[in-house]
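Take a look at the structure set out below.
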Amino acid sequence: MSFNIGVVGTGYVGIVSGTSFAATGNNVLCVDIDKEKVEKMKEGISPIYEPGLEHLMQQNINQKRLNFTTDLNEAINHADIMFLCLPTPPGEGGAADLQYVLKVANDIADYIKSNNITDRKIIVNKSTVPVGTAEKVKSIFTSKLGENNNLEVVSNPEFLREGFAVEDAMKPERVVIGTSADWVVEKMDKLYKPFLRSGNPIHFMDEKSAEVTKYAANSFLAVKISFMNDLARYTEAVGADIDLIRKGIGSDTRIGKRFLFPGIGYGGSCFPKDVQALDYSADEAGTPLRIIKAAGEVNKSQILFFFDKIMKRYNYNLKGKKFALWGLAFKPNTDDTREAPAFVLIEKLLEAGATINTFDPEAMKNTKEIFGDRINFTDDMYSCLVGADSLLIATEWNEFRTPEFDKLKEELSENLIFDGRNLWEPNEMKELGFEYHCIGR
Ligand code: NAD
């Protein structure tokens, strides 16, 4: 049985979820307020860089299972199940700002009321939202439509990773559904079954637990990263090698190999804001989460720790220095630059009087929108080096891993590299004739 699905908000989560629901045979109508984006999507152009997405969009648009509109009401009429994939940016004091979610909830209730719509609909929160949001959305529906309204509010947090979003949406490691209604359990189970054929679980729970699960997952991963970054400063001070320690602890399955890479800190549209929002919510509840707080603090200072390495090497004077910066996206395989550590680095370098050439395989457009002509944009990783004193690495794109080192030597006036992602071996770099600064080694 296929479903009529509405997806409100076609950012990273919405467009990927909408496309994957269409790919399993459902009829999907995606809504966004951004007209230009909607026009492009209608033509099969993806609004974001995400491997495999555009092809899958086009297949489903051709089959007429994936459609786009700017009209929310059209989606309300169309959908049995409506997914809210709206932004929840940081608001005052770090709390998640729910204005987008609550506005759409109000708009849905108003339209249903004024058009006397009586069909049962499931309204699913896929945005990352603080505990109690399902309750808030429900109370909007009850206040406008009465106790016995036909809308059921569900919390279904999204766990996809940018860069692997299509793969994650098509084969999620788990699906979490927060609901207290049996008929909803049955529907959501049917909807997600095609994605879970390899046996991965679907966890049904109450709405609040589902909401917290999402924050707990992101915050736990952030803690892992910050733990390693903090430890890297210590290993650097005592002459140990963080990379050997990473391997040494990672082969313990209780710890696991992933998310143990030290670097210049996590970024993106999720970890920083989700850590802050959980921290805020816990403080508000009178149960501060000290480890989460520390993870956020370590992360903020990690890029400054890297910047200080550069400053120290240049005797705290960067005036007239020119840097080549490889990597702008907050991580590889995405064009997303939200909260990218590279951006903090750029600001610090400019403030100190340096000039910067930059290159990123996908994130140049988003970076140009922020920095305009304050920095130079180059066509490829080698032209980025022209006239530079040293090379800085901020994102571990695959193509940076095995460069032609001779070209680096030809262009860099000082054979000097500051690698914020530990791409290479310090001994090998020394043999190649580079002065190589990295993290925790
Ligand atoms: P995004 O900012 O990329 O996209 C949000 C979209 O919503 C935009 O296209 C915007 O135009 C649209 N929008 C805003 N108001 C609207 C309205 N009233 N009607 C219709 N469209 C509207 O956001 P995102 O990265 O997709 O994240 C969405 C939510 O999912 C957030 O809560 C985020 O924390 C969570 N999340 C994100 C990721 C990720 O990797 N990006 C992963 C898991 C969860």
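Quote the relative contact order of the chain in percent (integer), defining contacts as alpha-carbon pairs under 8 Å separated by 6+ residues. Display every interim value, and only then the final one.
Values: 838 pairs, mean separation 51.6, N = 441.
Computed over the chain, the figure is 12 percent.
Send over the semi-axes of the range 93-156's equivalent ellipsoid, whole angstrom and largest first, taken as the square roots of 5 times the C-alpha gyration tensor eigenvalues. Can you show the working numbers first?
On the way: eigenvalues 94, 27, 19 Å².
Sorted largest first and rounded, they come to 22, 12, 10 Å.
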Output the pairs from Lys322/Lys348; Lys190/Lys273; Lys322/Lys407 with a Cα-Cα distance over 21 Å in this structure; if there are none, say none.
Lys190/Lys273
State which entries of Lys113/Lys136; Lys113/Lys171; Lys42/Lys126; Lys224/Lys331; Lys136/Lys214 exceed 26 angstrom in Cα-Cα distance in the structure shown.
Lys113/Lys171
Candidate aspartates and glutamates - alpha carbon under 20 Å from Lys293, same-chain residues fewer than 8 apart omitted
Glu92, Asp97, Glu211, Asp230, Asp274, Asp279, Asp283, Glu284, Glu339
Is the range 1-100 best put as rounded, prolate or oblate by its Cα gyration tensor, with a ≥ b ≥ c the root eigenvalues, rounded for a/c under 1.5, and otherwise prolate when a/b is larger than b/c, oblate when not?
prolate
Give me, ordered by chain and number, the residues 5 or more places off Ile202 or on other chains with an amide H under 5 Å from its own placed amide H.
Val175
Give me the one-decimal Kirkwood hydrodynamic radius in Å for the range 218-437, with the sum taken over alpha-carbon pairs.
18.2 Å
Compare Asp336, Asp189, Asp32 in a GNM of the chain, Cα atoms joined below 10 Å, and give the one with the largest fluctuation.
Asp189
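If you roll a 1.4 Å probe over the heavy atoms of the protein chains, what accessible area per residue do you get for the chain, in Å²?
On the way: 20280 Å² over 441 residues.
Heavy-atom accessible area per residue stands at 46 Å².
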The chain, Gaussian network, Cα under 10 Å: of Ser413, Ser127, Ser390, the residue fluctuating most is Ser413
Quick one: work out Rg over Rh on the C-alpha atoms of the range 319-441, Rh as Kirkwood radius.
0.93
To the nearest whole percent, what portion of all C-alpha pairs in the range 4-205 is separated by more than 30 angstrom?
16 percent
So, with +1 on the Cβ of K and R and -1 on the Cβ of D and E, and no other charges, what is the size of the charge dipole of the range 108-202 about its Cα centre, to the nearest 20 debye?
120 debye
Just to confirm my numbers, what's the Cα centroid distance between the range 380-441 and the range 306-378 in Å?
15 Å
In whole Hz, with x marking every Gly and Pro, tabulate ³J(HN,Hα) for the range 330-335 from phi via Karplus 6.51 cos²θ - 1.76 cosθ + 1.60, θ = phi - 60°.
5, 7, x, 6, 9, 9
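Give the carbon-plus-sulfur fraction of the accessible surface of the chain in %, rounded to a whole number; probe 1.4 Å, heavy atoms of protein chains only.
Numbers: 10020 of 20280 Å².
Its accessible area is 49 percent carbon and sulfur atoms.
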Name the most mobile residue of Ser251, Ser269, Ser155, meaning the one with the largest mean-square fluctuation, in a Gaussian network model of the chain with Cα contacts below 10 Å.
Ser251
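Taking each pair of different alpha-carbon atoms in the chain once, compute 1/r for the pair, average those values, and report the inverse of that mean as the Kirkwood hydrodynamic radius in Å to one decimal. Mind dumping the intermediate values first?
Working: mean 1/r = 0.0425 Å⁻¹.
Roughly 23.5 Å, rounded to one decimal.
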When we measure straight from the Cα of Lys37, which aspartates and glutamates land under 14 angstrom away, once same-chain ones fewer than 8 places off are left out?
Glu54, Asp71
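Dipole magnitude of the chain about its Cα centre, charges +1 at Lys/Arg Cβ and -1 at Asp/Glu Cβ only, in debye to the nearest 20? Please report the intermediate quantities before stating the final value.
Working: 52 positive and 64 negative charges, 134 e Å.
So the dipole magnitude of the chain works out to roughly 640 debye.
The values are calculated or read from the model by the stated rules, or taken from the named source; none is laboratory data. Everything numeric here is computed off the predicted structure, so don't read it as measured data. All Cβ positions, even for glycine, are placed from backbone atoms using ideal geometry, and neighbour counts span all protein chains on display. Calculation scope for accessible area: heavy atoms of the full protein, side chains included, ligands and nucleic acids excluded. Shrake-Rupley method; radii C 1.70, N 1.55, O 1.52, S 1.80 Å.
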